[in-house]
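Notes follow once the structure below has been shown.
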Amino acid sequence: MNIEEVRKYFPVVDELIYLDHAGVAPLSTRVVGAVEGFLQRACEGGGIFTQEFDQEVERVRDQAACLIGAHPDEIAFAKNTSEALSWVAAGLNWFPEDKVIINDLEFPSNIYPWMNLKEIGVELKIISASDGRITPEMIESQLDPRTRLVALSSVQYQNGFRANLEKIGKICRERGILFCVDGIQSVGAIPLDVRDEKIDFLAADGHKWMLAPEGVAIFYCRRENLELLKPVSVGWKSVVKPREFDRIDFTLRSDAARFEGGSLNIIGIFALGSALDLLIEIGIEAIYERILTLTNYIYQEATEREIPVLSPWGKGERSGIVSLKVPDPKFVHRKLLTEKIVTAVRGNALRLSPHFYNSQAEIQQFFETLEKLTTRK
C-alpha cells in the first residue's frame with residue numbers, strides 16, 4: 001500500500017487530522033466522481049438510463065457480497081443499520097416467551113428494535129459486560145431453550161472491543177439459535193466472512209469504515225433464512241417480475257432483494273460502489289493490518305505518556321477504535337477541533353478511530369496537541 005498515493009484520494013488530509021471514522025467518515029475523490037457521474041447521466045437523460053443504473057446496482061450488490069463472504073442473492077440495500085436490524089426484529093415470527101440476548105455495550109440501533117418486541121411477549125436479556133468485554137462464554141451461559149436470537153455488534157462502538165464472532169456463531173448454530181450482527185464498526189476495516197462465522201443476519205451502514213455517504217446500508221440475510229423473515233414493507237420491486245406493471249402477481253422474489261420494496265437510493269449506491277471498489281482494490285487484509293499498525297502506535301504513545309487506554313487489548317480483541325481516558329473529554333474534544341483534529345467522545349472517553357490512509361505523523365501531532373491542551377487546562 002502506497003500511503004502517499006492513497007492519501008491523494010482524501011482531500012480531508014489537507015485540512016484536518018481526521019480520527020473519527022467510527023462516526024462519519026470523509027469521502028474520497030473517487031466517491032465524489034461516481035456521484036457526479038451519476039448526476040450527469042441523470043441530468044442528460046433521466047429514465048432512459050434506468051437499465052444502466054440497474055446494472056450498477058447489481059454490480060455493487062456483488063461487491064458488497066464479496067466484502068463479507070456472502071452470495072449476491074443474500075444482499076439487500078437498506079437506508080441504514082437501524083432499518084436493516086428492524087427488518088429482522090419485525091420480520092421474524094415470534095412466539096410469546098421467546099428470548100433475545102443482547103448486552104449493555106450496544107449502540108441504541110441494536111437495542112431499540114429488540115425492546116420493541118416486549119408488547120408481543122418477547123423477553124430481552126441484557127448481559128452486563130466484564131472489563132469492557134462480551135465473551136462467547138458469557139453469551140453461552142445465558143442460552144436456554146427459549147433463546148431465539150443473539151444480537152451483537154462485531155465491534156463495540158464505545159471501546160472498540162472486537163467480539164469473537166466465529167466462536168459465538170458456532171455456539172448459536174449448534175443450538176439452532178439465530179445470530180444477528182451489527183457490523184457497522186467492522187465492515188470495511190476488518191476481514192469478515194458470514195459463512196465462516198455462521199452469521200444469519202448482518203447490517204452495516206456505509207458511512208463509517210466503508211467510506212461511503214450516509215443513507216445507504218447493506219443487509220445480509222442467509223439464504224436458508226429468507227423464508228423465516230417476512231418483509232416488513234412490500235412494494236413493486238418485492239415480487240418476481242417487478243417491471244410487469246399491468247400484471248399483478250404477488251409472488252415474492254426468492255432473494256434478499258425482496259426486502260427492498262421500491263425505488264432505491266441509486267445515488268447512494270453509486271457512491272457505495274465506488275467506495276467498495278477502493279477497499280477491495282487495496283484488500284481488506286492489508287487495510288486491517290494498516291489499521292492495527294496505527295492503533296498500536298496510539299497505544300504505545302498513550303502508554304509512554306501515561307494516558308490510560310480503555311479499549312480491550314488482548315489477542316483478537318483490537319479493532320480500529322481506541323478509547324483514551326483524559327480529563328474532561330468533551331472539553332478536550334472541542335479544543336482539538338479548534339486545532340483541526342477530529343475525534344469523538346463516547347462513554348466519557350476520547351475515542352480515536354483512524355483508517356488506513358491516516359499516518360503516524362498525524363497521530364504524533366494529535367498527542368503533541370493533546371499534551372499542550374491538557375497542560376494548558
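No value in this document is a laboratory result; all are computed from the given coordinates. All of these numbers come straight from a predicted model, not from anything done at the bench. Every residue, glycine as well, gets a Cβ built from its backbone with ideal geometry; the counts of neighbours run over all protein chains shown.
Dipole check for the stretch 1-117: with +1 at the C-beta of Lys and Arg, -1 at the C-beta of Asp and Glu, and the Cα centre as origin, the magnitude is about 60 Debye.
Mind checking which helices in the chain clear 20 Å along their axis (Cα) and have mean Kyte-Doolittle hydropathy of 1.6 or more, DSSP H runs only?
266-282
Checking every one of the chymotrypsin sites (Phe, Trp or Tyr not before Pro) in the stretch 32-99 against DSSP loop status and a limit of 16 other Cβ atoms within 10 Å picks out Trp94. Plainly put, the stretch 52-191 has a radius of gyration that is 0.98 times its Kirkwood radius, both from alpha-carbon atoms, as the Rg/Rh ratio.
Between the stretch 332-353 and the stretch 222-278, how far is it from one alpha carbon centroid to the other, in angstrom? Cα centroid to Cα centroid, the span is 39 Å.
Working note: 222 nm ellipticity from helices only, DSSP H runs with n ≥ 4, each -39,500 (n - 2.57), summed and divided by the residues of the chain, gives -11500 deg cm²/dmol to the nearest 500.
With Kirkwood's inverse mean 1/r over C-alpha pairs for Rh, give me the Rg to Rh ratio of the stretch 31-281, two decimals please.
Details: Rg = 18.5 Å, Rh = 18.8 Å.
Expressed as Rg/Rh, it is 0.99.
Hydrodynamic analysis of the stretch 250-350 uses the Kirkwood radius over alpha carbon pairs. Inserted into Stokes-Einstein at 25 °C and 0.890 mPa s, it gives a translational diffusion coefficient of 141 µm²/s. Restricting the trypsin sites (Lys or Arg not before Pro) of the stretch 1-97 to loop positions (DSSP other than H, G, I, E, B) with no more than 16 neighbouring Cβ atoms within 10 Å leaves Lys8, Lys79. The chymotrypsin sites (Phe, Trp or Tyr not before Pro) found in the stretch 182-246 that occupy coil by DSSP, while having at most 14 further C-beta atoms within 10 Å, are Phe245. Neighbours of Leu85 by Cβ distance under 14 Å: Lys/Arg scored +1, Asp/Glu scored -1, total -4. With the dipole of the stretch 136-249 worked out from charges on the C-beta (+1 for Lys and Arg, -1 for Asp and Glu) around the Cα centre, which of Val181, Gly215, Leu228 lies farthest toward the positive end? Looking along the dipole axis, the top candidate is Leu228.
Find which of Ala302, Val6, Leu276 sits farthest along the positive direction of the dipole of the chain, computed with +1 on the beta-carbon of Lys and Arg, -1 on that of Asp and Glu, about the Cα centre. Looking along the dipole axis, the top candidate is Ala302.
Pairs exceeding a 23 Å alpha-carbon distance, out of Lys99/Lys170; Lys118/Lys170; Lys198/Lys230; Lys99/Lys167; Lys79/Lys99: Lys118/Lys170; Lys79/Lys99. Binning the alpha carbon pair distances of the stretch 156-219 at 5 angstrom intervals from zero yields the distribution 4, 18, 26, 23, 17, 8, 3, 1, expressed in whole percent.
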